[in-house]
1. What tally of residues in region B:113-128 results from selecting those that are open to solvent by 60 Å² or more (accessible area, probe 1.4 Å) and in a helix (DSSP H, G or I)?
2. Determine, yes or no, whether B:Gly393 is away from chain A (no Cβ under 11 Å), over 16 Å from B:Gly281 (Cβ atoms), surrounded by fewer than 24 Cβ atoms within 10 Å (Cβ to Cβ) and modelled with pLDDT under 80.
3. I need a count of the residues in region B:226-237 that are surrounded by fewer than 20 Cβ atoms within 10 Å (Cβ to Cβ) and among the hydroxyl-bearing types (Ser, Thr, Tyr).
4. Any idea which of A:Val205, A:Val223, A:Val177, A:Val213 is at pLDDT 80 or above, within 30 Å of A:Pro109 (Cβ to Cβ) and open to solvent by 30 Å² or more (accessible area, probe 1.4 Å)?
5. I'd like the full set of residues that are closer than 18 Å to A:Ile88 by Cα, open to solvent by less than 60 Å² (accessible area, probe 1.4 Å) and in a helix (DSSP H, G or I), limited to region A:147-164.
6. Would you confirm, using the coordinates I've provided, whether A:Ser69 is small (Gly, Ala, Ser), modelled with pLDDT of 90 or more and surrounded by 21 or more Cβ atoms within 10 Å (Cβ to Cβ)?
7. I'd like the full set of residues that are modelled with pLDDT of 85 or more, open to solvent by less than 40 Å² (accessible area, probe 1.4 Å) and over 25 Å from B:Pro47 (Cβ atoms), limited to region B:239-275.
Amino acid sequence: MKQRAASPLARHLALGFLALLLLAGLLSDWLAAPQAVSAAALQQELASATNSQLLGWWMLATRNVLAVSATATLFGALFGSALGALAIYGSGGVGGALSRLVGFTGAYPGLLLVGLFRLGDPSHGVLALLGALSLLRTFEVAQLVRAELLHALLGDFVEASRALGASRRWQLRAHVVPRLIRPLMVNLLQGASALIGLEAALSFVGLGLPAGVPSWGGGLAAVARAEQALPFAVAAASIGLSCAVLYGLGASFGADRARPGGSPGAALVPLGAARSGS
Amino acid sequence: MRLVLRRLLWLGPTLLAITLLSFGILSTALPSEVDVADLPLFFNPEPGAVERLATRALEQIVTSDGQQPEAERTLARLGGAALPYVLPALEAQSPEGRARVVKALRPVGVRMGLEFDEHWDASREVLAWSRFWEEHAIDYRPSVARRAVLRLAQRSTQLRDTEVRQLDTYALDELIAQMPPEGAADLERTRRLAQLAADITGQLQLELPAEAGLDQAEGVASAWQDWWARHRSHYKTYSGTERIAAMLRDTRYGGWVAQAVRRKLGLLHSGRPVWDVLCEGARVTLPLFACGLLGAWLGAVSGGVLSSVDAVRRARILRWAAVASTALPVLVLAVLAVRWLGDWAHHAWLGAILMLFAGAPVALAEGARGAEEAEAGFPRTLAALGVSPWRAGLASVRLSSARLVAQLGAHLSQLLTLTCVVESVLGLSGLGSETITALRDPDLNWLMAVTVGAALFAGVWHVFGEWLSNLLDPRWLGAAGGVGGPA
């Protein structure tokens, strides 16, 4: 099949947007510091904020949302990869339990999970949000890693290299890990997109970041019924664009990915495995 | 089918484990009600504490030189149930100790209608208690208490009332057991027994007003049963199998289970049964959630059909459509709807449309992926066999559905959360709005109900998804087995 690479311009624009968000987050403390009001008051009074206050709020919210999403993604990637790699050693036991756990958490409302975590959270929401989002990501990444590893390890080329005397470590380095990196990257990008949407939804209903911590969802809730369109547009566009950019970037990497034969059976890899476009 | 049955059989133990875990977390995280704070969470190694409590209070009162207000209060609270352990032990105490004990027992005597004069000296009071016990020790047996309460329940006379009052807290078990009305004719009986129980325990708020109807009488009887479930352990002793059962029952978890069984999954802070609110909310939430699933299915099927017509071009279109749909999160759309439509936005149909849109990105993404794979797969085989593109598209509907069922498991969490958020934004009174409220102002009974409900749904969906996927495309189980799936 002739692969059509994603448009370089679109990818560069997406990477540029992400760089802008990162820059805004990094400079938020410095640029938002001159505001006369506190961060909590800034979000509460967002509807009547001046343009400079709106910019300050957006930078602080961007920093917080990126921090939560990136941390949950990172934890999910680390723990999920470790768990998924370990799970391939237990076909009936650990692997089966992992598969059921993923199936279960996949259908368990994230809202309830965050809410339950929140009840015992001494930080009034931050740790609960991070914990719940990380947990959701961990199981999904674990299932992906397990599926990809099994898929690669059972491949003919791995068998052939083994017959030629290749060590397991060499097989992992030459065959398995390169085949894992791209689907993992796709999954992490699209997962981060989902996390931003989920965080915004949770913050909107008051179950995400604490009320005094600026976030896009919290800001959207603060200006949901306000007359002014600009603060609403900023909050809504931040959520929508970030989700779309991360998702699109992941999709473009997925489209670039070289695929093996593509039998219908292989296409039906269950649960999180397929989400990445594996 | 064996796989499905095996999974279904595992649902019971899984749910039990989840209720235990959830209850443990919630009970630890939420502030306990005052009257259950001293009950153990899951296991009560010493159920039936009246003997232990009474003996300890007696020792504290006897051995101390000064006043022991806490021990005196305990003895007064335990009342008649403590007498079989306190009065026989009175003889063995020093005169000063006896004097202090009978002073502590004075409120009990007053409650029981015994004629004690406050000017009596202690020795006379001790003598009165000793005589009382000589005459009435034989009455402090479960069978006698049961007969006395039954007689009072059948018809009220001064003598029968006195009989039960003299048993005091010893009769509470039977009083509360006989309290629930079976019809309007039993209102008087419930009122009489509730009045007596309130006099004994001091729970005057649990009396039944004279003008109360049947519903109110049932509510009062249930409230007494709840009260007894929380305090039973203080007034009773157990032996044999009853003791073993009480080790599990006389706990906070046991109390929750008993209340859930008796009162439609328990009562909310508002006083409404959880089950009633669940049923009402489900009428809003389930259709919205079904619309989310429908949106995902329509997206997957249309993606599958389009991909079989022109895989490469359609794949790009679907991918761009998926990206565009993620750029318009359903949260933002819902808020926009509320801003633009105002009160018109508070309708379930708008929520249904939004949920249709919410489910689509998942399916579009899968459709795009399916389209990319289609060129080398099943549709290409059909094309090689001379099948027209649209017929090949129709044939792919089943495969797309199978794929979606397999994939949707990982996205249900998000879809359920979005359903709750859409309800909350649009102000629809479904399960999501109620859950968000219960999470902000924690309500143990509601949170337990939705936790168990969500776990049950997740478990059933997991089993159903595997079964349906295998039904739609038998290759799925084999493919899943190849990557460590259910096979």
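1. 3
2. Considered against the rule, which asks whether it is away from chain A (no Cβ under 11 Å), over 16 Å from B:Gly281 (Cβ atoms), surrounded by fewer than 24 Cβ atoms within 10 Å (Cβ to Cβ) and modelled with pLDDT under 80, B:Gly393 comes out as yes.
3. 1
4. A:Val213
5. Across region A:147-164, the qualifying residues are A:Ala147, A:Glu148, A:Leu149, A:Leu150, A:Ala152, A:Leu153, A:Val158.
6. Criteria met by A:Ser69.
7. If the condition is that a residue be modelled with pLDDT of 85 or more, open to solvent by less than 40 Å² (accessible area, probe 1.4 Å) and over 25 Å from B:Pro47 (Cβ atoms), then B:Pro273, B:Val274 are the ones that fit.
Results for (1) under 26 Å from B:Leu204 (Cα atoms); (2) modelled with pLDDT under 85, shown as yes or no for each residue.
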| position | (1), (2) |
| --- | --- |
| B:Ala81 | yes, no |
| B:Tyr85 | no, no |
| B:Arg98 | no, yes |
| B:Ser123 | no, yes |
| B:Arg160 | yes, no |
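The values are calculated or read from the model by the stated rules, or taken from the named source; none is laboratory data. All values reported here derive from a predicted model rather than from experimental measurement. FYI the Cβ positions are ideal-geometry reconstructions off the backbone, even for glycines, and counts take in every protein chain you see. Accessible surface areas use protein heavy atoms only, side chains included; no ligands, DNA or RNA. Shrake-Rupley method; radii C 1.70, N 1.55, O 1.52, S 1.80 Å.
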